[in-house]
1. Report whether or not residue 77 is farther than 30 Å from residue 274 by Cα and either at pLDDT 95 or above or among the aliphatic types (A, V, I, L, M) (or both).
2. Check whether at least one residue in segment 282-301 is within 14 Å of the ligand (Cβ to nearest atom), open to solvent by 10 Å² or more (accessible area, probe 1.4 Å), closer than 25 Å to residue 164 by Cα and not basic (Lys, Arg), and report yes or no.
3. When you scan segment 328-356, how many residues do you find that are at negative phi and open to solvent by 20 Å² or more (accessible area, probe 1.4 Å)?
4. Would you mind finding the one in 227, 223, 194 that is under 23 Å from residue 273 (Cβ atoms), crowded, with 22+ Cβ neighbours inside 10 Å and more than 16 Å from the ligand (Cβ to nearest atom)?
5. Within segment 243-268, how many residues turn out to be within 13 Å of the ligand (Cβ to nearest atom) and either part of a loop (DSSP other than H, G, I, E, B) or open to solvent by less than 10 Å² (accessible area, probe 1.4 Å) (or both)?
6. Among 122, 115, which is the only one that is crowded, with 18+ Cβ neighbours inside 10 Å, of a type in the set (Ser, Thr, Tyr) and away from the ligand (no atom under 16 Å from the Cβ)?
7. What number of residues within segment 58-87 satisfy the criterion of being open to solvent by 10 Å² or more (accessible area, probe 1.4 Å) and either without any contact (Cβ under 8 Å) to a residue 60 or more places away in the chain or closer than 24 Å to residue 385 by Cβ (or both)?
8. Given 420, 430, 410, which one is surrounded by fewer than 17 Cβ atoms within 10 Å (Cβ to Cβ), touching a helix residue (DSSP H, G or I) at 6+ places or on another chain (Cβ under 6 Å) and farther than 30 Å from residue 153 by Cβ?
Amino acid sequence: MSETLERWGSKRAFILAVTGAAVGLGNIWRFPYVAGENGGAAFLLIYVAFVLLLGIPVMMAEILIGRAGRRGPMQALGVLASEAGASRHWRWLGLFGAFTVFCILSFYSVVSGWSIEFLVASVNGNFNGASAAEIGAGFEAFLANPGLLIFNHSLFLFMTMTVVAAGVAKGLERLNNLLMPLLYGLLLLLAIYATTTSGFGTALSWLFLPSFEDVTAEVVLHAMGHAFFTLAVGACALMAYGAYMPDEQSLPKAAFAVAVLDISVALLAGIAIFSVVFAQGMDPADGPGLMFVTLPIAFSELPWGSFWLSVFFLLLLLATWTSAINLAEPMVATLQGLGWRRSTATAAVALSVWLIGLLSAFSFSTLAEFRPLFGRNVFELVSSIPPDIFLPMGGLLIAIFAAWVMPQARVISALDAGERGYLLWRTTIRWVSIPLTFIVLLGGLL
Ligand code: TRP
């Protein structure tokens with residue numbers, strides 16, 4: 001099986017594929033609202049620290065396992081564990097990852113569907129001349145309409161699974177090449193526009209002047225979960241991409257490049273969004289609607305507003321598309337490794353994600369008060385527990401596997417960073433990343 005596996009066309013294609021996985025709703029939608037709910041600057045600082053101390057080393061661990069195993073996550077873990085004389089039970093980690101991305105994709109697809117709706121609305125000029133209050137009310141009305149949410153969720157999932165069925169390495173390369181520079185450019189423009197709004201100064205101090213009184217164990221846990229989520233680390237999804245990595249490519253360079261791009265996209269989005277939030281006297285802790293309400297307001301005041309807003313939602317949609325493809329890949333690769341045909345595996349994943357996604361779609365209306373756990377409804381559960389708890393747990397196990405279990409000769413060749421690079425990585429992951437993840441998880445859970 002390993003011989004027939006596809007490969008990314010080039011080093012650049014691999015970096016773009018991982019960036020495509022990393023940059024998505026996490027940066028533009030989730031970061032601003034989670035930062036908003038967790039006090040702003042202190043959250044940002046902790047999250048950036050986690051990206052550096054945990055995110056990057058664990059990302060390397062995850063990709064190198066895939067690269068060394070050259071199989072679907074479950075199979076790669078099983079083979080490498082046997083090789084090291086360790087228990088083959090390590091392969092269940094692949095299944096845990098598949099379960100995690102399953103939960104995540106179920107809400108991710110619903111929220112990405114919102115971008116489809118907003119794209120259509122902005123192309124139609126529906127936000128032209130609308131007041132902030134009207135835009136806010138329009139969003140509420142939209143959420144209360146499960147039929148519309150389900151329609152867009154279905155459409156988005158269909159788009160995603162079509163690419164996955166074709167094989168990610170082929171379909172994704174061209175899309176990423178075009179998309180990433182465009183999205184970046186537009187966010188830059190938006191951030192520049194933000195400097196002209198009256199909320200800009202407040203936004204900057206809110207984002208960059210931390211006050212640590214409000215930092216609780218929970219805030220730290222959210223920041224860690226978000227670091228994993230935004231880098232697409234901890235669910236064996238990048239492991240699946242690592243399996244298609246070219247033979248000659250240094251992993252640390254790729255990981256750093258991705259992390260820098262990923263953080264800067266979040267910062268640009270944060271500056272743009274919070275400037276509007278403060279200019280309009282809105283509440284940063286407004287929750288999941290934050291971006292969907294603020295950006296239409298910002299654009300509605302700009303010349304050519306509808307046009308730019310349409311471009312923005314188009315790019316956002318494409319960015320979430322490349323992330324969702326990455327979310328689906330480990331599930332499909334795992335089933336494929338169990339002997340399923342790729343087409344059957346894709347169909348099975350699509351159908352089950354679609355069904356569970358309905359629960360998230362209904363969480364804004366019919367099922368809003370259906371709160372099966374911790375007083376949270378299904379959308380609130382799947383958008384918090386898998387990112388905040390499952391990803392760090394998965395990341396912890398992935399790190400332990402690469403740093404302590406795998407034959408280190410295999411690690412050295414898959415990391416492709418030279419002797420010093422390897423030792424630096426190993427020291428960091430063994431003595432910083434692993435203990436830190438463990439402590440924060442424990443602290444957050446207790
Ligand atoms: N990183 C993506 C975002 O920020 C989401 C994502 C893609 C993801 N693939 C993943 C999250 C794998 C966890 C695991 O939108």
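1. Numbers: farther than 30 Å from residue 274 by Cα: yes; either at pLDDT 95 or above or among the aliphatic types (A, V, I, L, M) (or both): yes.
Here the answer is yes, as residue 77 does meet what is asked.
2. First, the residues of segment 282-301 that are within 14 Å of the ligand (Cβ to nearest atom): 288, 291.
In the following step, the residues that additionally are open to solvent by 10 Å² or more (accessible area, probe 1.4 Å) were identified as 288.
Pick out the ones that are also closer than 25 Å to residue 164 by Cα and you get none.
Within segment 282-301, not a single residue is within 14 Å of the ligand (Cβ to nearest atom), open to solvent by 10 Å² or more (accessible area, probe 1.4 Å), closer than 25 Å to residue 164 by Cα and not basic (Lys, Arg).
3. Counting residues in segment 328-356 that are at negative phi and open to solvent by 20 Å² or more (accessible area, probe 1.4 Å) gives 17.
4. Working: 227 fails: more than 16 Å from the ligand (Cβ to nearest atom); 223 fails: more than 16 Å from the ligand (Cβ to nearest atom).
Just one listed residue meets the conditions, 194.
5. Filtering segment 243-268 for residues within 13 Å of the ligand (Cβ to nearest atom) gives 258-259, 261-263, 265-266.
Keeping just the survivors that are either part of a loop (DSSP other than H, G, I, E, B) or open to solvent by less than 10 Å² (accessible area, probe 1.4 Å) (or both) gives 258-259, 262, 265-266.
Of the residues in segment 243-268, 5 are within 13 Å of the ligand (Cβ to nearest atom) and either part of a loop (DSSP other than H, G, I, E, B) or open to solvent by less than 10 Å² (accessible area, probe 1.4 Å) (or both).
6. Numbers: 115 fails: away from the ligand (no atom under 16 Å from the Cβ).
Checking each option against the conditions leaves just 122.
7. Adding up the residues that qualify gives 5.
8. 430
The values are calculated or read from the model by the stated rules, or taken from the named source; none is laboratory data. No experiment lies behind these values; they were computed from the predicted model shown. Using ideal geometry, Cβ is built from the backbone for each residue, glycine included, and neighbour counts are taken over all protein chains shown. Ligands, DNA and RNA are excluded from the accessible area calculation, which covers all protein heavy atoms including side chains. Shrake-Rupley method; radii C 1.70, N 1.55, O 1.52, S 1.80 Å.
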